[in-house]
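Step one of this worksheet: look at the structure below.
The values are calculated or read from the model by the stated rules, or taken from the named source; none is laboratory data. Bear in mind that the values here come from a model prediction, so they are computed numbers and not experimental data. Here the Cβ is made from the backbone with ideal geometry for all residues, glycine too, and neighbour counts use every protein chain on show.
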Amino acid sequence: MNRIIALLTDFGLDDNYVGIMKGTILTINPNVLVIDITHSIEPGNIRQGAFILMTSINYFPDGTIFVAVVDPTVGSNRNALCVRAGNYYFAAPDNGILTYTLQHFKNPKIHIFSNEKYQLENPSRTFHGRDIFAPMAAYIAKNVDITEFGEELNETKIVKLPPLKCYYDGQGNLIGEVVHIDKFGNIVTSLSSRALGINLHNILKQDLKWKFEIGHTKIKNISTTYTDVNEGEFLAYIGSSGFLEIAIRNGNAAKTVGAYLGQLVCAKKVGIFEQFI
């Protein structure tokens, strides 16, 4: 079976950047399968890229090589990293994009990718996706040991993003943030089912324990799917990645509420008498 290289970038598909990365990989190693996770990360939004990477990796087979390039400081003195974590490999800039993924692995092996033998000649200062990260992935797929790429780096030395917001405020409200908005306008938050105390195997059609606020919009209860509400109504539900999402049935919730990445979301526990108001 051919090795899989999975790409995640903020490059979009209007330009030739993604195609050139794929061409570079296949020139070095034609015996790979290149898969796109997404190229629609908000430009320069490392935090969004880190969240999407974290929620994607479990659906790929062992041995997959992930190339995550959201790199607003490309060409600076930030390091390029090669990481082995569990049975996966990661090629990424040292800017925190691996933060939420690596917290799920014990003792990842991290190396700085400095060996020019495994890079394209005369690498551009502005396109490390092509000249550094794509070749790194292609050579990993050819079974080059990552120790050949450069010196080992302790995990404590790499850049870490702040944790995703999920905390109780002084009023006992659970506070999260918007971490992603999908093409349908569904708002993905950092509030996990675990933080909300929701058993996904035994969720009620309408869980009356919570109400949610984003901007001036308030939503009562947790639904299981879009058809729990009428067309055009808001709903809150646990999405496929295990995090709370806010949507409008057959509508665009993000546009309606003016949602943006990083916006705070409030979850309030509802008392027994409030459940029926």
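Couple of notes before you dig in:
- Scanning the range 33-55 for residues that are surrounded by 18 or more Cβ atoms within 10 Å (Cβ to Cβ) and within 24 Å of VAL144 (Cβ to Cβ) yields a total of 3.
Every residue, every condition in (1) out of contact with any Lys or Arg (no Cβ under 9 Å at 6 or more places or on another chain); (2) of a type in the set (Lys, Arg); (3) surrounded by fewer than 18 Cβ atoms within 10 Å (Cβ to Cβ), yes or no:
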residue: GLY19; (1), (2), (3): yes, no, yes
residue: THR27; (1), (2), (3): yes, no, yes
residue: ASN31; (1), (2), (3): no, no, yes
residue: ILE57; (1), (2), (3): yes, no, no
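This table checks each residue for (1) under 27 Å from HIS104 (Cα atoms); (2) touching a helix residue (DSSP H, G or I) at 6+ places or on another chain (Cβ under 9 Å); (3) not in a strand (DSSP E or B).
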residue: TYR139; (1), (2), (3): yes, yes, yes
residue: VAL144; (1), (2), (3): yes, yes, yes
residue: THR147; (1), (2), (3): yes, no, yes
residue: PRO163; (1), (2), (3): yes, yes, yes
residue: GLY170; (1), (2), (3): no, no, yes
residue: ILE175; (1), (2), (3): yes, no, no
residue: ARG194; (1), (2), (3): yes, no, yes
residue: LEU200; (1), (2), (3): yes, yes, yes
residue: LYS211; (1), (2), (3): no, yes, no
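- All positions within the range 220-235 that are among the β-branched types (Val, Ile, Thr) and either in contact (Cβ under 8 Å) with a residue 40 or more places away in the chain or within 18 Å of ALA195 (Cα to Cα) (or both): ILE222, THR224
- In the range 184-201, the residues that are without any contact (Cβ under 8 Å) to a residue 40 or more places away in the chain and out of contact with any Lys or Arg (no Cβ under 9 Å at 6 or more places or on another chain): ALA195, ASN199, HIS201
- The residue list GLY23, GLY12, GLY49 contains one member that is of a type outside the set (D, E, K, R), more than 18 Å from MET136 (Cβ to Cβ) and not in a strand (DSSP E or B), which is GLY12.
- Hey, LYS117 in contact with a strand residue (DSSP E or B) (Cβ under 6 Å, 6 or more places away or on another chain), charged (D, E, K, R) and surrounded by fewer than 23 Cβ atoms within 10 Å (Cβ to Cβ) or not: no
- Among the residues listed as LEU174, LEU244, LEU164, LEU235, the single one being under 30 Å from ILE112 (Cβ atoms) and touching a strand residue (DSSP E or B) at 6+ places or on another chain (Cβ under 7 Å): LEU164
- Only listed residue being outside the structural domain of TYR260 (by TED's automatic domain parsing), modelled with pLDDT under 95 and surrounded by fewer than 24 Cβ atoms within 10 Å (Cβ to Cβ), chosen from ASN122, ASN87, ASN143: ASN122
- Unique residue being of a type in the set (Phe, Trp, Tyr), under 28 Å from LEU244 (Cβ atoms) and over 23 Å from the mean Cα position of the chain (by Cα) when the list is TYR118, TYR168, TYR139: TYR168
Listed here are the residues, each with its yes/no results for (1) exposed (fewer than 13 other Cβ atoms within 10 Å of the Cβ); (2) out of contact with any Leu (no Cβ under 6 Å at 6 or more places or on another chain); (3) outside any strand (DSSP E or B); (4) at pLDDT below 95.
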{"site": "PHE66", "(1), (2), (3), (4)": "no, yes, no, no"}
{"site": "VAL74", "(1), (2), (3), (4)": "no, yes, yes, no"}
{"site": "HIS104", "(1), (2), (3), (4)": "yes, yes, yes, no"}
{"site": "THR126", "(1), (2), (3), (4)": "yes, yes, yes, no"}
{"site": "VAL159", "(1), (2), (3), (4)": "no, yes, yes, no"}
{"site": "TYR167", "(1), (2), (3), (4)": "yes, yes, no, no"}
